[in-house]
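The values are calculated or read from the model by the stated rules, or taken from the named source; none is laboratory data. This is a predicted model, so every value here is computed, not measured. Note: ideal-geometry Cβ built from the backbone for every residue, glycine included; neighbour counts use all protein chains shown. With ligands, DNA and RNA removed, areas are computed over all heavy atoms of the protein, side chains included. Shrake-Rupley method; radii C 1.70, N 1.55, O 1.52, S 1.80 Å.
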Amino acid sequence: MTRTVYLNGKYLPENEAQISIFDRGFLMADGVYEVTSVIGGKLVDFDGHAIRLARSLKELMFTGDVIAKEELLAIHRELIARNELDQGMIYLQITRGAPSDRDFVFPDPKAVKPTIVLFTQNNPKMVNNPTALKGLKVISIADERWGRRDIKTVQLLYPSMGKMMAKAAGANDAWLVEDGFVTEGTSNNAYIVKDGAIITRELSNDILHGITRAAVLRFAKEAQMAVEERNFTIAEAQDADEAFITSASTFVMPVVNVDGADVGTGKPGPVAARLREIYLEETLKTAV
Ligand code: PDD
């Protein structure tokens, strides 16, 4: 089955969707994105992703209403239906559009409309992911990204390089470290568990404000689990009882080894397993 994608108001077979070489997403990484998971054909945390998208656009000085939330929801739903997507993700990207030439200065928004792209990614093993039973190995690397990591921009070169560094070291992912403290993972938020408390860096411009993070911390507090939003080091992670990451594509995923040192028993721990269970159970109640 050929995938149907969305491009600027049209639903097209993926090989017919084309974008200008002058698109600012291509030339300048001048764009933002969202990844929303789909379980049982329904969108997980759609509202959270729509709100963060609007914030990212505002922070990058996109003007006017780029796209209404209702229209965005309708497009997401249409893509799920047309591609018969049961489990997987919807990727959405909005760039500042394609002016007639390369120029650092933003084009006039009245003359150049944003480029809006959405496509589905099928992943039938997202919920029953075998990796959740094994856990991930991570390495630490310096956080060399720009200073506005709270904006979900398409500038993903350093995170991609981080994943490659992890792969070269025989690990699954990398945790980024700045001034001695973990900021987050290359494409996820990072956590440790010590003496029952769930510890994760507080929100600031240093990290992406994960939609999964917000939900998981809310569910943890509702389940009377202790949550501490504070910085932690790699040494603390290696000495923790458990570690895990969260993101829309992995939900809650245990981390069992940091820079070659086993975390706790070196096997996925009960807190991460319980949080994964609670997250999947609770989040499905509000899926649309
Ligand atoms: N990544 N931190 C970073 C740097 C991320 O790229 C992501 C998401 C997260 C988690 O955010 P959320 O819970 O809203 O997915 C944290 C997506 C999944 C990606 O780039 O594919």
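Brief remarks follow.
- Residues whose placed amide H lies under 5 Å from that of N231, excluding near-sequence neighbours: E202
- At R0 = 41 Å, FRET efficiency that the Cβ-Cβ distance of A74 and D179 yields, to 0.05: 0.40
- Whole-percent pair-distance distribution, where bins are 5 Å wide, for the alpha carbons of the stretch 131-286: 2, 10, 21, 24, 22, 14, 6, 1
- Exposed-loop-free span, longest in the chain, where trypsin sites (Lys or Arg not before Pro) count as exposed if DSSP calls them loop and at most 12 other C-beta atoms lie within 10 Å: 126-229
- Based on DSSP H segments of at least four residues, each scored -39500 (n - 2.57), the chain has a per-residue ellipticity at 222 nm of -8500 deg cm²/dmol.
- Spin-label zone in the stretch 124-163 - amide nitrogen under 13 Å from a point set 7 Å from the Cα of A273 along the C-beta vector: 132-135
- Take the Cα of E202, go 7 Å toward its beta carbon, and the backbone nitrogen atoms of the stretch 223-254 under 17 Å from that spot belong to 227-233.
- Largest mean-square fluctuation among A169, A142, A223, in a Gaussian network model of the chain whose springs join Cα atoms under 10 Å apart, belongs to A223.
- Accessible surface ranking for M89, M253, M164, 1.4 angstrom probe, highest first: M164, M89, M253.
- Over 32 Å (Cα to Cα) - which of K10/K58; K125/K194; K113/K167; K69/K285; K42/K163; K125/K267 fall in this group: K113/K167
- Here the extension length gained between E281 and S100 equals 60.3 nm, from 0.36 nm per residue of separation less the Cα-Cα distance.
- For the stretch 4-122, fraction of C-alpha pairs farther apart than 22 Å, in %: 33
- Of the chymotrypsin sites (Phe, Trp or Tyr not before Pro) in the stretch 16-105, those whose Cβ has at most 15 other Cβ within 10 Å and which sit in DSSP loop: F104
- 5 Å-binned pair-distance histogram of the chain (Cα, whole percent): 1, 5, 12, 15, 17, 16, 14, 9, 6, 3, 1, 0
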